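*Asks:* Submitted below is the structure of interest, expressed as structure tokens.
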Amino acid sequence: MPGRGRCPDCGSTELVEDSHYSQSQLVCSDCGCVVTEGVLTTTFSDEGNLREVTYSRSTGENEQISRSQQRGLRRVRDLCRVLQLPPTFEDTAVAYYQQAYRHSGIRAARLQKKEVLVGCCVLITCRQHNWPLTMGAICTLLYADLDVFSSIYMQIVKLLGLDVPSLCLAELVKTYCSSFKLFQASPSVPAKYVEDKEKMLSRTLQLVELANETWLVTGRHPLPVITAATFLAWQSLQPADRLSCSLARFCKLANVDLPYPASSRLQELLAVLLRMAEQLAWLRVLRLDKRSVVKHIGDLLQHRHSLVRLAFRDGTAEVETRGKEPLAWGQGQREGEVGNNSLGLPQGKRPASPALLLPPCMLKPPKRICPAPPVSTVTGDENISDSEIEQYLRTPQEVRDFQRAQAARQAATSVPNPP
């Protein structure tokens, strides 16, 4: 092979490749001399000229992976296997980790941030493939703080310029509810509290969709809303045995953490259900409260769309119809008297109009603290400057008197005191 040079011993050009011992070497077929023995890495030009390349000048020096990066890559693969993700997900997460590790800010970060980076790469991969996985689940596996994880997650997404879609609310409900320990009998869960998974998941999805339609999810963390909806769905399937169970005890039985705003989301959901129950004739006569309305959640969800339209009105539609209401009320007052009597209202009294369908932050805006005005106390003993006195002089006589007083004062101060 003339293109490979000559043998340094016999000068022959018959050099062949020998793949013995898993390394390709150039060997002279005439004398058996190993031409490229001890060469770790060579370039094409150096190999053609039969020159050895030192390791510091080879490509292996640049491709060396640090121990920290090797540990991170192992953690990415281990986390993917624990979550039983497909092999393609594992390859994508590893690629994201390598891209992020090339940045100097990531390489010089603390060990805690690099550990969170592992979970961020896996979560980004799952979100891009629409795989139902929550940030809280990864934080639990990595023993990471949720606030730290979310901040690093947003930093990595911005740093790599990735397009990460948000997780579908229905998929989030399925994933979160699957972690509840209420679907199998156990010593810690009584038999009357065990529920079928499919029934509970179906009703929870309907309640979460209702919360979404009534602005209870917009701009809020979804887990408290899902927790409240799951609790109501679980109670409504067997209300006789479960109405006495509180939300805190339910979360303890299900072996999940109770989010702080879940109690507030529960009260908001119950208020929406009560509004809807007022539109059904057979429920209006029962005088339902927030405790008894749970028994009729199945009926309310069955007619959910029509009841929401009847119980709530749009703010823009109210402005358009406000001018037409007096005329319509005057024409239909006589017919409305009969209807009001059937509802138990006094004669001539107009029934209450539906509530506005607006986000809770607009219905009950937070109180703003108004700063107190600065307190200025005027005693009358303050020093008044000459320029300020001149502003109060109105007539020429006052100006002349003021000038004579100033001249007399200057004359008095300029006369030396007698001995």
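The values are calculated or read from the model by the stated rules, or taken from the named source; none is laboratory data. Since the model is a prediction, treat every value here as computed from it, not as a measurement. Because the Cβ atoms are built from the backbone with ideal geometry, glycine has one as well, and the counts that use them run over all protein chains shown. Ligands, DNA and RNA are excluded from the accessible area calculation, which covers all protein heavy atoms including side chains. Shrake-Rupley method; radii C 1.70, N 1.55, O 1.52, S 1.80 Å.
*Asks:* Assuming a ≥ b ≥ c are the square roots of the Cα gyration tensor eigenvalues, decide whether the range 223-322 counts as rounded (a/c under 1.5), prolate (otherwise, with a/b larger than b/c) or oblate.
*Replies:* Taking the square roots of the gyration eigenvalues as a ≥ b ≥ c, the range 223-322 is oblate.
*Asks:* So, counting K/R as plus one and D/E as minus one, what does the shell of residues with Cβ under 14 Å around ASP299 add up to?
*Replies:* +3
*Asks:* Can I ask one more? To the nearest 10 Å², what's TRP215's accessible area with a 1.4 Å probe?
*Replies:* The accessible area comes out at roughly 100 Å².
*Asks:* Further, regarding this structure: What's the local net charge at LEU283, with K and R +1, D and E -1, over the other residues with C-beta under 15 Å away?
*Replies:* Surrounding charge for LEU283 is +4.
*Asks:* Would you mind telling me the share, in percent, of accessible area of the range 67-167 contributed by carbon and sulfur at probe 1.4 angstrom?
*Replies:* 51
*Asks:* Over 32 Å between Cα atoms, which of LYS199/LYS290; LYS158/LYS199; LYS197/LYS290; LYS192/LYS364 qualify?
*Replies:* Beyond 32 Å between Cα atoms: LYS158/LYS199; LYS192/LYS364.
*Asks:* Work through the residues other than LEU172 whose Cβ is under 14 Å from its Cβ and net out their charges, Lys, Arg +1 and Asp, Glu -1.
*Replies:* +1
*Asks:* How high is the relative contact order of the range 102-150, in percent, counting Cα pairs under 8 Å that sit 6 or more residues apart?
*Replies:* Computed value for the range 102-150: 31 percent relative contact order.
*Asks:* Also, quick follow-up: Before anything else, pin down the relative contact order of the range 67-167: Cα pairs under 8 Å, at least 6 apart, normalised by residue count, whole percent.
*Replies:* Relative contact order of the range 67-167: 28 percent.
*Asks:* In square angstrom, rounded to the nearest 10, how much accessible surface does VAL34 have for a 1.4 Å probe?
*Replies:* About 50 Å², rounded to the nearest 10.
*Asks:* Follow-up question, since we're still on this one. Considering the dipole of the range 170-319 built from charges on the beta carbon (Lys and Arg +1, Asp and Glu -1) around the Cα centre, which of CYS177, LEU201, LEU288 is farthest to its positive end?
*Replies:* Projecting each Cα onto the dipole axis, the largest value belongs to LEU288.
*Asks:* In square nanometres and to one decimal, what's the mean projected area of the convex hull around the Cα atoms of the range 164-273?
*Replies:* With every direction weighted equally, the projected area is 6.9 nm².
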